[in-house]
Amino acid sequence: MINRCAWVGDSQLEQTYHDCEWGVPAHDDRLLFEFLILEGAQAGLSWLTILNKRQGYRQAFDDFDAIKVAGYDEYKQLELVQNPQIVRNRLKIKSAINNARVFLELQAKYGSFDSYIWQFTDGQSIQNHWSAVAEIPASDARSAAMSRELKHHGCTFTGPTICYAFMQATGMVNDHTTNCYRWSEINNLNRA
């Protein structure tokens, strides 16, 4: 029997996400944009809900091509609000389009979004040592700083808690609990 983090349920989708993606350092701008949008979409919902809609998001948002998403017009927004494959929240959809525009501005200014976003952890993955899920914070000083900066640039749905979830998803922090088999794998990955 594999020992995973306690938040992982029986869903194969959730287990695969935990085992293969969560906490793995991500430096690809397209993937970082995907998580920026998905974490904002999750606000008030379970992550499993978003995982179940992830493929729908990829189709609806042109495989998270930030240039295409930034160009979405009112007609496209109305189309997205009607799409049952995604979270049909008008504010979250508008936020995704707005954040795509900010994402492109930051990409242009810093050479890549990766260069911009990883500055909040000094380019390193933070290796936490939580023994239980209850110890894991909902946010921290780094996610608060990230939130302030992203909001300063015009991003929405990027509060400290959403930013911390983004950091967890993209491996900016390793929040696997120490009894989870992935904790040491991610820790060793970051030492390589």
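The values are calculated or read from the model by the stated rules, or taken from the named source; none is laboratory data. These numbers come from a predicted model, not from an experiment. Cβ atoms come from the backbone with ideal geometry, glycine included; neighbour counts cover every protein chain shown. Note: areas computed on protein heavy atoms with side chains; ligands, DNA, RNA excluded. Shrake-Rupley method; radii C 1.70, N 1.55, O 1.52, S 1.80 Å.
A few comments on the model shown:
- Failed item in (1) of a type outside the set (S, T, N, Q); (2) farther than 27 Å from TRP130 by Cα; (3) free of Cβ contacts under 8 Å to residues at least 60 places away in the same chain, with GLY9 passing the rest: (2)
- Residue list for the range 18-35, restricted to those being within 15 Å of the chain's Cα centre (by Cα) and either open to solvent by 10 Å² or more (accessible area, probe 1.4 Å) or acidic (Asp, Glu) (or both): CYS20, GLU21, TRP22, VAL24, PRO25, HIS27, ASP28, ASP29, ARG30, LEU31, GLU34
- Tally, over the range 1-17, of residues that are open to solvent by 70 Å² or more (accessible area, probe 1.4 Å), closer than 21 Å to LYS53 by Cβ and of a type in the set (S, T, N, Q): 1
- Residue among SER125, SER139 that is closer than 25 Å to CYS5 by Cα and either in contact with a Gly (Cβ under 7 Å, 6 or more places away or on another chain) or without any contact (Cβ under 8 Å) to a residue 24 or more places away in the chain (or both): SER125
- Qualifying residue in the range 60-73 (condition: touching a helix residue (DSSP H, G or I) at 6+ places or on another chain (Cβ under 8 Å), modelled with pLDDT of 95 or more, of a type in the set (Phe, Trp, Tyr) and within 27 Å of CYS20 (Cα to Cα)): yes
- Of the helices (runs of 4 or more DSSP H) lying entirely inside the range 1-62, those containing at least 2 residues that are acidic (Asp, Glu) are 12-20, 29-42.
- Selection within the range 41-54: residues that are more than 16 Å from SER11 (Cα to Cα) and open to solvent by 50 Å² or more (accessible area, probe 1.4 Å). The member of this set that is modelled with the lowest pLDDT is GLY44.
Let's see how each residue does on (1) under 25 Å from SER143 (Cβ atoms); (2) among the hydrophobic types (A, V, I, L, M, F, W, C):
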{"site": "ILE2", "(1), (2)": "no, yes"}
{"site": "ASP19", "(1), (2)": "yes, no"}
{"site": "LEU32", "(1), (2)": "yes, yes"}
{"site": "PHE35", "(1), (2)": "yes, yes"}
{"site": "LEU48", "(1), (2)": "yes, yes"}
{"site": "GLY56", "(1), (2)": "no, no"}
{"site": "ASP63", "(1), (2)": "no, no"}
{"site": "ARG90", "(1), (2)": "no, no"}
